[in-house]
1. Does ASN173 satisfy being among the polar types (S, T, N, Q), surrounded by 12 or more Cβ atoms within 10 Å (Cβ to Cβ) and either assigned to a loop (DSSP other than H, G, I, E, B) or assigned by TED's automatic domain parsing to the domain that holds THR228 (or both)?
2. Report the residue count in the range 287-343 for those that are aromatic (Phe, Trp, Tyr) and either out of contact with any strand residue (DSSP E or B) (no Cβ under 7 Å at 6 or more places or on another chain) or assigned to a loop (DSSP other than H, G, I, E, B) (or both).
3. Just to be sure before I move on: is SER86 polar (S, T, N, Q), modelled with pLDDT under 95 and under 30 Å from ARG297 (Cβ atoms) in the structure I sent?
4. Look through SER265, SER280 and report the one residue that is surrounded by fewer than 15 Cβ atoms within 10 Å (Cβ to Cβ) and either part of a helix (DSSP H, G or I) or among the aliphatic types (A, V, I, L, M) (or both).
5. For the range 176-215, give me the residue count where each residue is among the acidic types (Asp, Glu) and part of a strand (DSSP E or B).
6. For the range 32-90, which fully contained strands (runs of 3 or more DSSP E) count at least 2 residues that are charged (D, E, K, R)?
7. Spot the failing condition for ILE304; the list is (1) aliphatic (A, V, I, L, M); (2) in contact with a Phe, Trp or Tyr (Cβ under 8 Å, 6 or more places away or on another chain); (3) closer than 30 Å to LYS91 by Cβ, and only one is missed.
Amino acid sequence: MKETLEKFVRISSSSCHEEKVAELFRQVISETGYETRTDRIGNVYAEISCGVDGAKKIMITAHSDEPALAVQGFTEDGFVRIWDWSGVDHKVLPGQEVVIHGTCEIPAIIGILPPHLTKPGDKKAVPITKLYADTGMPADWVAGKVKIGDQVTFKKRFSELKNGRVAGCALDNRLSVTMLLELAKKLKRVKLNIDVVLVCTTQEEIGGYGGFSAAMDVKPDLAIAVDTTTAEQHGESGKSYLPFDKVCLDNGPIINPKIRSAFMSAAEKLNIKTSEYIFSSTSMTEADSAWEAELGRPISVVSIPVRYLHQPVETVDLSVAESGVDLICEFLMELPASLEGVI
């Protein structure tokens, strides 16, 4: 899993610009022996058939986009003004290394005044309107390479930490995309009573549009989103921060309780530790999109706790992600052809 995850992490893939991740997903899953298709919004589908005509259909999704910035304008001396494209945490921007995706990939630094030139009242988080990207090049060169609307992403990093943990950019949600590929390998070797459609989706960070499109396309009897969630970290714990060493099973008004119970049974059978994230309205994942595409469609969410979500570098315990793959596989293997008792 680690090697595949690193390949995905090192790709830039902002919302509406997920082509490179889609290409790698198609390549890797095709090597496993599955055919794929891609829809107009950029979702990539791989269907795993149980061989029975009219079988119930389970859709499992993982989104491929990441938080990113965009070029908003230029200064007379060649600095690039930036704006939030899809959910970037503004307070961490000063000093970050980024890549501007113009006519070529252009490295840049998000600049800020040094502290000894900053007024006492301005030493708090700097608004994005006062930040700029510095390419090191003059204005005429920048004007020939960069245009308004070009994407700006964090420089990609991937590091191995101790104790089976890794750190990297955009683990939300390249981790889950990698999990779909690992799941595809496992499903190749087991007997299923239902059809499974794996979907690498687009545009989750800006509204879950890829997930909605996929649900309208597949029309699944049951939909599962695989995503990341906020992990406990130093100084933070409680219901919004999940244990770092457990697979999270979301629980809320639109989560189907029978599906969640089936996941819990599978976890108990495999001795996989799980935690529970309680929400009061929607899950804030693309499972919501599947539910909205057909009100009342049975949905569930499997999440892997990640520290420092939406930061330039996030951290995960890979053994938990591997357990998540095992859990989903066991859940699918146990599903009856009729889905009776599950939905």
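The values are calculated or read from the model by the stated rules, or taken from the named source; none is laboratory data. Just so it is clear, the model here is predicted, and its values are computed rather than measured. Don't worry about glycine lacking a Cβ; one is built from the backbone with ideal geometry, like all the others, and counts go over all protein chains shown.
1. yes
2. Matching residues across the range 287-343 total 2.
3. Criteria met by SER86.
4. Details: SER280 fails: either part of a helix (DSSP H, G or I) or among the aliphatic types (A, V, I, L, M) (or both).
None of the others qualify; the one that does is SER265.
5. Qualifying residue count for the region: 1.
6. Numbers: elements: 36-38, 44-48, 57-63, 69-74, 80-84.
The qualifying strands (runs of 3 or more DSSP E) are 80-84.
7. (2)
Each row is one residue, and each column tells you yes or no for (1) basic (Lys, Arg); (2) under 14 Å from GLU97 (Cα atoms); (3) in contact with a Gly (Cβ under 7 Å, 6 or more places away or on another chain).
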site	(1), (2), (3)
THR129	no, no, no
ILE148	no, no, yes
LYS156	yes, yes, no
ASN163	no, no, no
